Amino acid sequence: MTLDDATLDRLAEHLETCQLQARDTTKITDDHPGMDWEDAYAVQDRILKRKLARGARVVGLKCGLTSHAKMRQMGVDEPVFGFLVDAFALAEGASVRCADLIHPKVEPEIAFVLKHELRGPGCHVGAVLAATDFVLPGIEVIDSRYRDFKFDLKSVIADNTSAARFVVGGHARPVAEVDLRTCGVVLEKNGQPVALGAGAAVLGHPAAAVAALANHLGRRGQSIPAGTLILSGGVTEAVAVGPGDHVSLRVQGMGHVGLRFV
Ligand code: OOG
Ligand code: MG
């Protein structure tokens with residue numbers, strides 16, 4: 001840790017206010033070039049604390065920057081982790097108000113729901129599959145609070161990994177019934193396929209992203225409780241959306257889920 005409590009609180013307040021007011025900002029590492037990973041997650045934790053104090057509930061966790069497409073797009077080389085609260089959750093087919101967001105993008109993801117707790121270190125794909133109740137398609141709407149979506153890893157971690165909205169839906173499948181590596185993912189925008197991939201794009205197997213999350217939390221003395229919903233990270237690059245757009249995600253064997261942007 002390099003930042004003091006007052007600075008961590010101020011950064012959390014600043015980034016959360018940008019989120020709530022849909023205003024962008026410069027990277028926090030511009031002003032705090034020496035901040036470390038712990039500082040970055042400490043800012044994220046304080047954003048969560050602010051939300052919990054106002055009555056928010058955690059409804060899931062997310063992995064980000066878990067595919068090479070995403071790492072390349074954002075110019076970084078390591079996964080990041082964040083939280084999802086009830087205010088981010090959308091119903092299938094819901095309308096997303098772009099006025100509440102800065103510069104939204106959508107990502108095709110595979111969501112996991114656990115039936116057993118996962119605790120790192122040492123968590124691996126096999127442990128994740130054994131602990132998974134079912135998997136289903138999810139669209140994450142990301143909205144970096146940083147100007148032009150330009151950030152480094154510490155800044156994006158502090159900003160709760162650009163989390164803004166998400167929807168899961170389609171057809172939930174027991175994890176033993178699908179090959180998550182070869183399962184095809186097609187993201188359509190206004191009826192046109194705009195991003196295509198297969199599950200293996202996410203760290204070789206999307207369950208590896210969930211294992212990385214368990215190991216990350218294990219280093220901090222935490223686990224992933226049974227029942228948790230986890231977004232395993234964008235399979236492809238994120239796609240920009242605006243008012244009037246409709247997006248639909250199809251995942252092989254798991255149906256589709258969609259959102260409208262107004
Ligand atoms: C960071 C969040 C990335 C994913 O699925 O890769 C993410 C960003 O690209 O703004 O959620
Ligand atoms: Mg994502």
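The values are calculated or read from the model by the stated rules, or taken from the named source; none is laboratory data. Values in this document were obtained by computation on a predicted structure and should not be read as measured data. Here the Cβ positions follow ideal geometry from the backbone for every residue, glycine too, while neighbour counts run over all protein chains shown.
The one condition from (1) in contact (Cβ under 8 Å) with a residue 12 or more places away in the chain; (2) on the phi < 0 side of the Ramachandran plot; (3) outside any helix (DSSP H, G or I) that P33 does not meet is (1). Does at least one position in segment 179-187 carry a residue that is within 29 Å of A53 (Cβ to Cβ) and among the charged types (D, E, K, R)? No, every residue in segment 179-187 fails to be within 29 Å of A53 (Cβ to Cβ) and among the charged types (D, E, K, R).
Condition check ((1) of a type in the set (F, W, Y); (2) within 15 Å of ligand 2 (Cβ to nearest atom)) across all residues:
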site: P79; (1), (2): no, yes
site: G93; (1), (2): no, no
site: R97; (1), (2): no, no
site: E117; (1), (2): no, no
site: H124; (1), (2): no, no
site: F151; (1), (2): yes, yes
site: N160; (1), (2): no, yes
site: F166; (1), (2): yes, yes
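Residue pairs whose Cβ atoms lie under 7 Å apart, separated by 6 or more positions or on different chains, with the first residue in segment 1-26 and over 19 Å from C98 (Cβ atoms) and the second part of a helix (DSSP H, G or I) and among the β-branched types (V, I, T), are L8/V43; L11/I28; L11/V43; A12/V43; A12/I47; L15/V43; L15/I47; E16/I47.
A quick yes/no check of all residues on (1) at pLDDT below 95; (2) more than 14 Å from ligand 1 (Cβ to nearest atom); (3) of a type in the set (A, V, I, L, M); (4) closer than 21 Å to H256 by Cα:
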site	(1), (2), (3), (4)
V85	no, yes, yes, no
A91	no, yes, yes, yes
H103	no, no, no, no
H124	no, yes, no, no
V135	no, yes, yes, yes
Y146	no, no, no, no
S155	no, no, no, no
A163	no, no, yes, no
G169	no, yes, no, yes
